Amino acid sequence: MGEPHQSLGRSCFVTVGTTSFDDMIEEVCSPSVCRALRDRGIRELVFQVGRGQARPHELLYAEARAWFTLSSFDFAPSLDAHMRAADLIISHGGAGSIMEGLGMNKPLVVVINESLMENHQWELAGALARRKHLIAVNCAGVADAVKSLQTEELLPYPKPDQTIFPALVRDMCRFGHYGPG
């Protein structure tokens, strides 16, 4: 996928899912993260901001606005097309967003919302980071994660085995045969 400090591609998609995570949006708009993204070849930023109040168009400083093509929206019926178009995904730690990003085999930086009680996001993202499927950080770690991201070290998330559930049903119901034929 690439070496550190080489181009990641052109587009970065930033998503908070159905929640609000203004701290993450503000951090991605910070000078240090913007410089790291620019240095990695990102030229387009697409933000999905959910219920939050943070607005990337207002947060990016003038120099960064000149570096990037910028768009943002609150919600969409599906984030699939935005994720597929991205060369890098920066996501909140929600399970749905994480699994959707992993399913597309994209470099994924997951930002944990540490203000949540019983911070379950670290459990999921941490386990997947230890298995080298993604990078998991708190807000303060986003710039360093983008700078040091070595995409060739990220491992693809295994595709689900679609035969397990039908086989389980067949075995439990003692059907001798499942499917046509």
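At-a-glance table
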{"item": "Unique match (being of a type in the set (Asp, Glu), over 16 Å from Val28 (Cβ atoms) and within 11 Å of the chain's Cα centre (by Cα)) among Glu118, Glu100, Glu153", "result": "Glu100"}
{"item": "Qualifying residue in region 60-70 (condition: in a loop (DSSP other than H, G, I, E, B) and touching a strand residue (DSSP E or B) at 6+ places or on another chain (Cβ under 8 Å))", "result": "yes"}
{"item": "Residues located in region 35-74, provided they are aliphatic (A, V, I, L, M), surrounded by 15 or more Cβ atoms within 10 Å (Cβ to Cβ) and farther than 26 Å from Thr151 by Cβ", "result": "Ala54, Leu59"}
{"item": "Any pair with Cβ under 7 angstrom, 6 or more apart, that starts in region 61-83 at a residue that is farther than 26 Å from Gly103 by Cα and ends at one that is part of a helix (DSSP H, G or I) and hydrophobic (A, V, I, L, M, F, W, C)", "result": "Ala64/Cys34; Trp67/Cys34"}
{"item": "Of all residues making up region 75-108, the number that are in contact with a helix residue (DSSP H, G or I) (Cβ under 7 Å, 6 or more places away or on another chain), closer than 17 Å to Tyr157 by Cα and not in a helix (DSSP H, G or I)", "result": "8"}
{"item": "Hits in region 75-84 - residues which are surrounded by fewer than 13 Cβ atoms within 10 Å (Cβ to Cβ) and either within 21 Å of Leu8 (Cα to Cα) or among the charged types (D, E, K, R) (or both)", "result": "Asp80, Ala81, Arg84"}
{"item": "Residue satisfying condition, being surrounded by fewer than 20 Cβ atoms within 10 Å (Cβ to Cβ) and either under 17 Å from Gln48 (Cβ atoms) or of a type in the set (Lys, Arg) (or both), within set Gly126, Gly101, Gly141, Gly96", "result": "Gly96"}
{"item": "From the options Phe68, Phe47, residue that is closer than 27 Å to Leu116 by Cα and modelled with pLDDT of 95 or more", "result": "Phe47"}
{"item": "Residue, surrounded by the most Cβ atoms within 10 Å (Cβ to Cβ), within region 109-119, restricted to residues that are part of a strand (DSSP E or B) and touching a residue at least 40 places away in the same chain (Cβ under 8 Å)", "result": "Val111"}
{"item": "Where Ser20 falls short, out of the listed (1) exposed (fewer than 14 other Cβ atoms within 10 Å of the Cβ); (2) not in a helix (DSSP H, G or I)", "result": "(1)"}
{"item": "Any hit, region 64-82, residues being of a type in the set (D, E, K, R) and within 22 Å of Ala136 (Cα to Cα)", "result": "yes"}
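The values are calculated or read from the model by the stated rules, or taken from the named source; none is laboratory data. What you are looking at is a predicted structure, and each value in this text was computed from that prediction instead of being measured. Note that we place each Cβ from the backbone using ideal geometry, even for glycine, and neighbour counts take in every protein chain shown.
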